[in-house]
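Asker: My structure is below; once you've seen it, I'll send some questions.
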Amino acid sequence: MTLLQIIVLAIVQGITEFLPISSSGHLILVPSLTDWPDQGLMMDVGVHVGTLLAVMLYFRADVIRMTVAFWHMITRKKDSNQQDKRLMIALILSTIPVVIIGGIVSKMGWNDAWRTLEIIGWTSIVFGILLYVLDAKCAVTKKITELRYGQAIFMGLAQVLAIIPGVSRSGITMTAARGLGFSRTEAARFSMLMSIPTILAAGTIQGLKLVTSGDAALGTDIFLGAGLSFITALLAITGLMKWLQKSSMTPFVIYRVILGVGLLFLVYR
C-alpha cells in the first residue's frame, strides 16, 4: 500500500467510525471509487484499532469505572458501585449477539459478498431514513443509567445488522437507543462504549492472523493506519458529542441519502 492510500483510509475511518454514516461502507468505497486495490479486512481492522484507542481515551472515566466493577464482580467484593456494575453487564449483554453471529458470518465468508456499491447504496438510504424517523419522533429523556438488560440485548441485536456494509454500527445502535427513548448524547455514549468490546474482539482475531502470517510490511502499514485513525477519531468523537448536545441527527441523514442515491446512480446507470 502507498503512503497516500494509508493516510486516506485512516482519515476516512477516523471520521466515519463514530458518526452514523458507516465506516465499513466508506472503507469499501475508497478503493471502489479510486481504482486502488482493496485494502482488505486486515487493514480495515487495523484502522478500527486506532479508533478503539480513541474511544477508550475519550470515555476513559466510564472504562475505568466499569473495569473496576468487573474486577470487583469476579473477585466477589461487595463494595462495587451497583450502577457501574449494571452498565458493565449491559455492555457485555449487548456484545454477545454480534460476537456469535459475526463469527458465523465470517466463518461462512459472507462478508466479501456484501462489499458492493449496490448494498452500501441501499443500506445508506434505508437506515438513514429510519434514523431520521426515530430521532425526530421519540422522546429524549432517558439516561444510560436507566438502561435495562433487555434493552441492552435489543441494542446488541440491532448492532448485528451493521455486519452489512452501509448500515453503520454507530448509526443502527444510536437508532435503537433513540427508539428506546434515550437522549441523543446518551445514545451516542452507549453506542461508542458498545464499540469497545466489538472492535477489541475483531482486532484480536485479525491480529493473531497477522502474527502467524509473518507479513511484516502489512504490519507496518497497519500500525501507521491505526495511529492516524486514532487522531482523527478522537477529533470526530469530540465534535459529535458537542453537536448532539444542541442539534439532531438530520445532517447525517441527509448525507447518507445523498451518498446512497449517488451510489445507486453509479450502479444502475
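The values are calculated or read from the model by the stated rules, or taken from the named source; none is laboratory data. These figures come from a predicted structure and were not determined experimentally. Cβ atoms come from the backbone with ideal geometry, glycine included; neighbour counts cover every protein chain shown.
Asker: Kindly provide the set of residues from segment 81-120 that are β-branched (Val, Ile, Thr) and outside any helix (DSSP H, G or I), ordered by number.
Answerer: 116
Asker: Considering segment 122-167 alone, what residues qualify as being among the small types (Gly, Ala, Ser) and at pLDDT 95 or above?
Answerer: Selection gives 124, 128, 150, 152, 156, 158.
Per-residue answers, yes or no, for (1) at pLDDT 95 or above; (2) surrounded by fewer than 21 Cβ atoms within 10 Å (Cβ to Cβ):
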position: 171; (1), (2): yes, no
position: 192; (1), (2): yes, no
position: 200; (1), (2): no, yes
position: 214; (1), (2): no, yes
position: 219; (1), (2): no, yes
position: 224; (1), (2): no, yes
position: 232; (1), (2): yes, no
position: 246; (1), (2): no, yes
position: 251; (1), (2): yes, yes
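Asker: Among the numbered conditions (1) under 19 Å from the mean Cα position of the chain (by Cα); (2) in a helix (DSSP H, G or I); (3) of a type in the set (Val, Ile, Thr); (4) under 24 Å from residue 161 (Cβ atoms), tell me where residue 21 comes up short.
Answerer: If we test residue 21 against (1) under 19 Å from the mean Cα position of the chain (by Cα); (2) in a helix (DSSP H, G or I); (3) of a type in the set (Val, Ile, Thr); (4) under 24 Å from residue 161 (Cβ atoms), just (2) comes out false.
Asker: Counting only residues that are farther than 25 Å from residue 150 by Cα and of a type outside the set (Ser, Thr, Tyr), how many does segment 79-122 have?
Answerer: 16
Asker: While we're on this one: Can you tell me which residue within segment 76-95, out of those that are more than 30 Å from residue 6 (Cβ to Cβ), among the polar types (S, T, N, Q) and modelled with pLDDT of 85 or more, is surrounded by the most Cβ atoms within 10 Å (Cβ to Cβ)?
Answerer: Per the criteria, the residue is 94.
Asker: Moving on. Could you grab me the full set of residues in segment 54-80 that are in a loop (DSSP other than H, G, I, E, B) and either among the acidic types (Asp, Glu) or over 28 Å from residue 18 (Cα atoms) (or both)?
Answerer: 75, 76, 77, 78, 79, 80
Asker: Next question. Looking only at segment 217-269, which residues are in contact with a Gly (Cβ under 6 Å, 6 or more places away or on another chain) and free of Cβ contacts under 8 Å to residues at least 12 places away in the same chain?
Answerer: None; the set is empty.
Asker: Of everything in segment 159-169, what is part of a helix (DSSP H, G or I) and surrounded by 24 or more Cβ atoms within 10 Å (Cβ to Cβ)? Give them in sequence order.
Answerer: 159, 162, 169
Asker: Specify which of the listed residues (96, 119, 144, 64) is among the β-branched types (Val, Ile, Thr) and farther than 22 Å from residue 169 by Cβ.
Answerer: Only one candidate passes the filter, namely 64.
Asker: Kindly indicate whether residue 156 is over 24 Å from residue 30 (Cβ atoms) and touching a helix residue (DSSP H, G or I) at 6+ places or on another chain (Cβ under 8 Å).
Answerer: So residue 156 passes the test.
Asker: I'd like the full set of residues that are of a type in the set (Val, Ile, Thr) and surrounded by fewer than 23 Cβ atoms within 10 Å (Cβ to Cβ), limited to segment 173-190.
Answerer: Within segment 173-190, 185 is the sole residue that qualifies.
Asker: Among all residue pairs at least 6 apart or on different chains, which show Cβ distances below 8 Å where the first residue, located in segment 56-75, is crowded, with 16+ Cβ neighbours inside 10 Å and the second is hydroxyl-bearing (Ser, Thr, Tyr)?
Answerer: Listed by first residue and then by second, the contacts come to 58/238; 68/80; 69/80; 72/80.
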